[in-house]
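Shown next, in structure tokens, is the structure this report addresses.
The values are calculated or read from the model by the stated rules, or taken from the named source; none is laboratory data. Remember, predicted model here, so these are calculated numbers, not experimental data. Here Cβ is always computed from backbone atoms with ideal geometry, including for glycine, and neighbour counts include all displayed protein chains. These accessible areas exclude ligands, DNA and RNA; they are computed on the full protein's heavy atoms, side chains included. Shrake-Rupley method; radii C 1.70, N 1.55, O 1.52, S 1.80 Å.
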Amino acid sequence: IQKTSDELAAEREWFQKIKLWHSWLGGRNEDRYRQALAGLQQIDDPHAAPAIIRFLCEDKQREMRTLGVTTLSKLVGSKGAAGLVKLSLFDPDDDVRYASLNGIAEDDFEFAQTAYVKELRNSLNPVVCRAASGLARVGTHQAVLPLIDALVTTHRYQVQTNQPAANVYSASTDG
């Protein structure tokens with residue numbers, strides 16, 4: 001809703017190109033593979049970020065996600081940084097997460113800090129730990145208080161005992 005029609009048109013154009021290149025990367029034709037790789041390496045338009053995230057960064061193959069990280073790292077602006085932050089938090093591969101974190105440009109640290117602080121409240125402990133690691137790289141003194149708040153946690157455990165589940169009452173004569 002917030003995007004302008006020009007911005008949407010530019011993103012749609014990139015979706016078509018990157019979808020085609022993604023299919024070429026998975027194909028058997030060596031010329032098309034090289035063309036797709038060359039095309040991806042030349043991208044410098046931030047409007048391409050949503051398509052890169054959709055087709056490369058969400059691919060099952062680690063090599064595709066790594067290529068997506070490399071491509072996003074060259075883009076200027078928060079669109080590419082958003083994808084890198086997401087990958088650094090949720091990608092199943094350690095190397096892809098590490099490359100994503102290191103791919104965030106210094107100009108995007110403030111954006112990334114906001115995203116990492118938000119994820120400190122995630123219900124998954126590994127994501128909270130990754131957000132804290134991300135803040136170690138991109139955070140400022142403003143991130144200290146949210147980090148402290150993330151350290152204070154409450155855990156509930158269900159403990160099974162041999163006691164009966166229902167309330168038990170007993171009476172005695174001495175009062």
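Beta carbons closer than 7 Å, at least 6 apart along the sequence or on distinct chains, pair a first residue in the stretch 93-120 that is basic (Lys, Arg) with a second that is open to solvent by 20 Å² or more (accessible area, probe 1.4 Å) for ARG97/ARG130. For the stretch 134-155, the condition of being among the polar types (S, T, N, Q) and in contact with a Ser or Thr (Cβ under 9 Å, 6 or more places away or on another chain) holds for none of the residues. Every test in (1) buried (at least 21 other Cβ atoms within 10 Å of the Cβ); (2) at pLDDT below 95; (3) within 19 Å of ALA112 (Cβ to Cβ) is passed by LEU56 save one, and that test is (3). Scan the stretch 66-93 for residues that are assigned to a helix (DSSP H, G or I) and under 12 Å from the mean Cα position of the chain (by Cα) and the total you get is 12.
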